[in-house]
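Reviewing the structure listed below.
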Amino acid sequence: MHLKIALLAGDGIGPEVLAQSVKCLEAIGETFNHDFTFSKALVGAGAIEKSGTPLPEKTLERCADSDAILFGTIGTPRYDNDPSARIRPEQGLLQLRKELGLFANIRPVKMFPEIISNSPLRKDLVKGTDFVIYRELTGGIYFGEKKLSEDGSVASDLCEYTEKEISRIAHLAFKAAKKRRKKLTLVDKANVLETSRLWRKVVTQIADSYPEVTMECLYIDNAAVQLLLNPSSFDVILTDNMFGDMLSDQGSVIIGSQGLLPSASIGEHHCMFEPVHGSYPQAKGENKANPVASILSTALLLDHFGLREEYNAVVASVRKSLQKKIVTPDILGSSKYGTDYVGDFIADHITDIDDDMNMNDENIGLGKSTII
Ligand code: IPM
Ligand code: MG
């Protein structure tokens, strides 16, 4: 298969972790005879410095013209600490999602048995955790009208959703649930928000077309609690842009590190793959950030293009690194291995699917049909 892949490294640890993903894709290309071509483009703070905008026209064109985008991370303290900045790195990512119509953000959260003791929660609670968050990505409060009064003392962000925006992601989430454990949890705040009531109405109607899937509704505050008390009871979580952002970070902590969770952002014509974690500016250039979330995002890319064996090979290699403790210090405090070394190990072992890993779908880190 030939794939044109745009590389948007972004800020902070983005370039370091993305470089490891490229190594893995190159190893996959060699082993399975695929032709991946890469082209780099600027986004975020680096793009602001060079061109005054976080998403230069050239970057958008390159992305639109690619088969897939691999994204690093975005954001720097300079902007975080300056609430008056009107141009911010994050706008680059948000605009990219919007312009390319990447409305479904899919975030699988699955416990790796090799590092179950890394979870801050009790082993018996987190054992078997395997859920996937379907986060709406191009609507809601992220994209509604933003206002700041002239004297700067009043601000507002509009949260708006249309039936269409809700139903298109709801269908994807129900289809995923159908292939998984057939349970879908809609997370909202319908006791307070009008948009949440619209979500409930639309999603409840759609549920009729998927009789084999059991649907439940949870308020976000309760969902945050249940996710900690009983994470393994969740299968597919469907939710809006803002709640999905929060719940997915919570998910990463449940499985033991923020450096582990990948994501896929899917639209009708484009797709982008990026770690769930942020730009971790404190670790920038230190060669200590965990590359696994980014590497697993490439696994999702492969899965998206139907390259199942290749997906399995990446996940198996990641698991091997965990098993052999070739990990960054977020996973094992005393580890002497850095981002580069872990990336090399995973890329180098992509080909040897050996017996002791007992390769079958039940054992694969991210589980079945993570995407659609
Ligand atoms: C994420 C990130 C982004 C978001 C930021 C960087 C804009 O937190 O992808 O979860 O809020 O969507
Ligand atoms: Mg986030």
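The values are calculated or read from the model by the stated rules, or taken from the named source; none is laboratory data. Small disclaimer: the values here were computed from a predicted structure and weren't measured. Reconstructed Cβ throughout: ideal geometry from the backbone, glycine too, with neighbour counts over all protein chains shown. Just the protein is used for accessible areas: all its heavy atoms, side chains included, with ligands, DNA and RNA removed. Shrake-Rupley method; radii C 1.70, N 1.55, O 1.52, S 1.80 Å.
If you roll a 1.4 Å probe over region 14-131 with all protein chains in place, what percent of the accessible area is carbon or sulfur?
51 percent
Say a paramagnetic label sat at a point 7 Å from the Cα of S51, along Cα to Cβ; which residues of region 1-38 have their backbone N under 19 Å from it?
Once the point is set 7 Å along Cα→Cβ of S51, 5-12, 15, 38 turn out to lie under 19 Å by backbone N, inside region 1-38.
Taking K and R as +1 and D and E as -1, what net charge do the other residues with C-beta under 11 Å from the C-beta of H270 add up to?
Local net charge: -3.
When only Cα pairs under 8 Å and 6 or more residues apart are kept, what is the percent relative contact order across region 222-294?
Relative contact order here is 25 percent.
Normalised by the residues of the chain, what does the relative contact order come to in percent, with Cα pairs under 8 Å and at least six apart?
22 percent
No solvent, one uniform scatterer per C-alpha: report log10 I(q)/I(0) for the chain via the Debye equation at q = 0.12 1/Å, two decimals.
The computed values of log10 I(q)/I(0) come out as -0.90.
State, to one decimal in nm, how far the label point of I116 lies from the label point of T214, with both points 7 Å from Cα in the Cβ direction.
Distance between label points: 2.3 nm.
Taking the Cβ of K189 as the center, what net charge do the other residues with Cβ under 13 Å away carry, scoring Lys and Arg +1 and Asp and Glu -1?
-2
Please check: in the Gaussian network model of the chain (C-alpha springs, under 10 Å), which one of S334, S66, S252 has the largest mean-square fluctuation.
It is S334.
What value, in deg cm²/dmol to 500, does the helix sum -39500 (n - 2.57) over DSSP H runs of n ≥ 4 give at 222 nm once divided by the residues of the chain?
So the calculated ellipticity at 222 nm is -12000 deg cm²/dmol.
Which of rounded, prolate or oblate describes region 1-128 when judged by the alpha-carbon gyration tensor and an a/c cut-off of 1.5?
oblate
Pull out a ≥ b ≥ c, the square roots of the eigenvalues of the alpha-carbon gyration tensor of region 187-305, then state rounded if a/c is under 1.5, prolate if not and a/b is larger than b/c, and oblate in the remaining case.
prolate
Carbon and sulfur: what percent of region 144-303's accessible surface (1.4 Å probe)? Provide the component values of the computation, followed by the final result.
On the way: 3530 of 6840 Å².
Whole-percent figure for carbon plus sulfur exposure: 52.
How high is the FRET efficiency from K336 to T37, r the C-beta distance, R0 35 Å, rounded to 0.05? Could the numbers behind the result be given before it?
Values: r = 35 Å, r/R0 = 0.99.
It comes out at approximately 0.50.
Which value in Å does the Kirkwood hydrodynamic radius of region 98-171 take, with 1/r averaged over all unlike C-alpha pairs and then inverted?
15.7 Å
Counting heavy atoms of the protein chains only and a 1.4 Å probe, report the per residue accessible area for region 196-270 as a whole number of Å².
Heavy-atom SASA per residue in region 196-270 reads 39 Å².
Starting at the first residue of region 164-178, write each ³J(HN,Hα) from the Karplus equation 6.51 cos²θ - 1.76 cosθ + 1.60 with θ = phi - 60°, in whole Hz, x for Gly and Pro.
Ordered by residue, 3J(HN,Hα) equals 5, 4, 6, 5, 5, 7, 4, 4, 4, 5, 5, 4, 5, 4, 4 Hz.
Taking the Cα centre of region 113-205 as origin, work out the dipole magnitude from +1 charges on Lys and Arg Cβ and -1 charges on Asp and Glu Cβ, in debye rounded to 20. The partial results should precede the final answer.
Working: 19 positive and 13 negative charges, 198 e Å.
Computed about the Cα centre, the dipole is about 940 debye.
Give the total of Lys-Lys pairs in region 36-151 with Cα-Cα distances below 14 Å; include a pair only if its members are 8 or more places apart or on different chains.
Within region 36-151, the lysine pair count is 4.
Could you let me know the centre-to-centre spacing of region 257-305 and region 1-46, using Cα atoms, in angstrom?
About 11 Å separates the Cα centre of region 257-305 from the one of region 1-46.
Report the residue, chosen from K288, K179, K127, that carries the largest GNM mean-square fluctuation when the chain is represented by alpha-carbon nodes joined by springs under 10 Å.
Most flexible of the set in this elastic network: K179.
Please give every one of the aspartates and glutamates within straight-line cross-link reach of K183, meaning a C-alpha to C-alpha distance under 17 Å, and leave out same-chain neighbours fewer than 8 residues apart.
Straight-line reach from K183, under 17 Å: D130, D208, E212, E216, D235.
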